[in-house]
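A short write-up of the structure that comes next.
Laboratory data are not the source of any read-out in this text; all were calculated from the coordinates shown. Keep in mind it's a predicted model, so treat the numbers as computed, not measured. Because the Cβ atoms are built from the backbone with ideal geometry, glycine has one as well, and the counts that use them run over all protein chains shown.
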Amino acid sequence: MTFSRIAGTGGYLPPRVVSNDWFAARLDTSDAWIRSRTGIVTRHFADESQTSSDLALEASRRALESAGVAASEVDLIVLATSTPDYVFPSAACLLQAKLGIKGCPAFDVQAVCSGFIYALAAADGFIKSGTARRALVVGAEVFSRLLDWKDRGTCVLFGDGAGAVLLAADSKPGIHASVLHADGSYAGLLSVPGNVSNGRIVGSPYLQMNGQGVFKFAVKALEEVARETVAAADMAIADVDWLVPHQANVRILDAAARRLGLPAEKLAITVDHHGNTSAASVPLALDEFVRAGKIRAGHHVLMQGVGGGFTWGATLATM
Ligand code: ACO
């Protein structure tokens, strides 16, 4: 039987770091409010010339390098983003061209903050079925482009970045189980309810959110899908060495870990210096903790996403 295994990780954050005080100088907010309600201290914003596929390229190069795999050996690209460069072609196709390769399938996944988990599950399915052997799975976002800078309830929460893994075929797992869910009846909780039509933007091009509704949904969904995924892998919560959840908000992450009975030392947190980077947040956090030597070979890592749609899901993998 063929399984898939994370053979390398990579991350990229654009150089511009923005502090909470930057917002406090423009809006009725403060560093103390943002820190205490979200845990966020700084985030990175891309400059105007950088697109999601540019950030994805840097993260992908690093993931390939850490896996010791050449771009020419990649036979599948799955890129999760809600902020693609264009309406079409996909950011995955643009990334493929920037990597200097051609021919392999490449497509985007749009599941907002669960996007990377969806992309990972899709790539795992390709590898298990024998359709691919070396998949580049990427989350890349420039959420700063969707923010209404006058809305203090949302613009302080997000950041830009990209994370990637090289998923390789292996005789042992690797990925043990993935569980994905969606419920479109919650679409109104978190959305950018606009589109391009007849040369105009119809609806709103800005992110809108019911913060308390998202909070409640996210904590419950993260707990439930963690339990489902661990059970699907025939393991117990106590077997999990690291929880790498979507980095929405420290309070959401603490609450979810507490409900699972997982100690704080097993929780990977990067939202304090990344902000919420949507589909990029899980692979960025994974990469940071791998490079810091905290997540190591043999560790059981539970990765989780929850976000607009609503969508949610988790993947349990042995590194
Ligand atoms: N600075 C100062 N005051 C603020 C700010 C701000 N940046 N933002 C909102 N407020 C004010 C509100 O206007 C409100 O003022 P009022 O009482 O005068 O009306 C007050 O703070 C309380 O507002 P609430 O919305 O009740 O604040 P809450 O404690 O719920 O915190 C927050 C808001 C941080 C957004 C919280 O609801 C939350 O974390 N929700 C989850 C949202 C999230 O993580 N979204 C990410 C995208 S979804 C995802 O990734 C899963």
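Here are some notes:
- Distant alpha-carbon pairs in segment 130-210 (separation over 23 angstrom), percent: 49
- The P(r) of segment 176-318 has a tail past 26 Å containing 26 percent of all C-alpha pairs.
- From phi via Karplus (6.51, -1.76, 1.60), per-residue ³J(HN,Hα) for segment 221-226 in Hz, x at Gly/Pro: 5, 5, 5, 5, 6, 5
- Extension gain for His299-Gln110 works out to 65.2 nm (0.36 nm per residue, less the C-alpha to C-alpha distance).
- When the helices of the chain are scored as -39500 (n - 2.57) per DSSP H run of n ≥ 4 and the total is divided over every residue, the value at 222 nm lands at -9500 deg cm²/dmol.
- Going by neighbour counts of Cβ atoms within 10 Å, the residues Tyr206, Tyr86 line up, fewest first, as Tyr86, Tyr206.
- Average Cα contact separation per residue, the chain, under 8 Å, 6 or more apart, as relative contact order %: 26
- Exposure proxy ranking, count of Cβ atoms within 10 Å, fewest first, for Lys150, Lys98, Lys216: Lys150, Lys216, Lys98
- With a threshold of 30 Å on the Cα-Cα distance, the over-threshold entries among Lys102/Lys220; Lys98/Lys266; Lys128/Lys294; Lys102/Lys294 are Lys102/Lys220; Lys98/Lys266; Lys102/Lys294.
- Among Ser4, Leu243, Thr51 the positive-end extreme of the charge dipole of the chain (Cβ point charges): Leu243
- The H on the amide N of Ser19, modeled in the peptide plane, is under 5 Å from the matching H of no residue at least 5 residues off or on a different chain.
- Simple spin-label estimate for Ser171 and Ala187 in nanometres, 7 Å along Cα-Cβ: 4.9
- Put simply, the amide H of Ala106, placed in the peptide plane, has neighbours under 5 Å in Ile77, leaving out anything fewer than 5 places away on its chain.
- Residue-wise HN-Hα coupling along segment 157-165, computed from phi with Karplus coefficients 6.51, -1.76, 1.60 (Hz; x: Gly, Pro): 8, 10, x, 10, x, 8, x, 8, 10
- The calculated FRET efficiency for the pair Arg200 and Tyr86, based on their C-beta separation and a Förster distance of 22 Å, comes to about 0.85.
- Spin-label model, Trp33/Thr2: points 7 Å from Cα along the beta carbon direction are separated by 5.4 nm.
- Convex hull volume of the chain per residue (C-alpha atoms, cubic angstrom): 128
- Chain lengthening between Lys216 and Lys102 when straightened (0.36 nm per residue, less Cα-Cα): 36.7 nm
- A Stokes-Einstein calculation at 4 °C with viscosity 1.567 mPa s, built on the Kirkwood radius of segment 3-172 over Cα pairs, returns a diffusion coefficient of 78 µm²/s.
- Exposure proxy ranking, count of Cβ atoms within 10 Å, fewest first, for Thr277, Thr311: Thr311, Thr277
- Taking θ as phi - 60° and the Karplus parameters 6.51, -1.76 and 1.60, the scalar couplings of segment 24-38 work out to 4, 6, 10, 9, 7, 8, 8, 4, 4, 5, 5, 4, 6, 8, 10 Hz in sequence order, x denoting glycine and proline.
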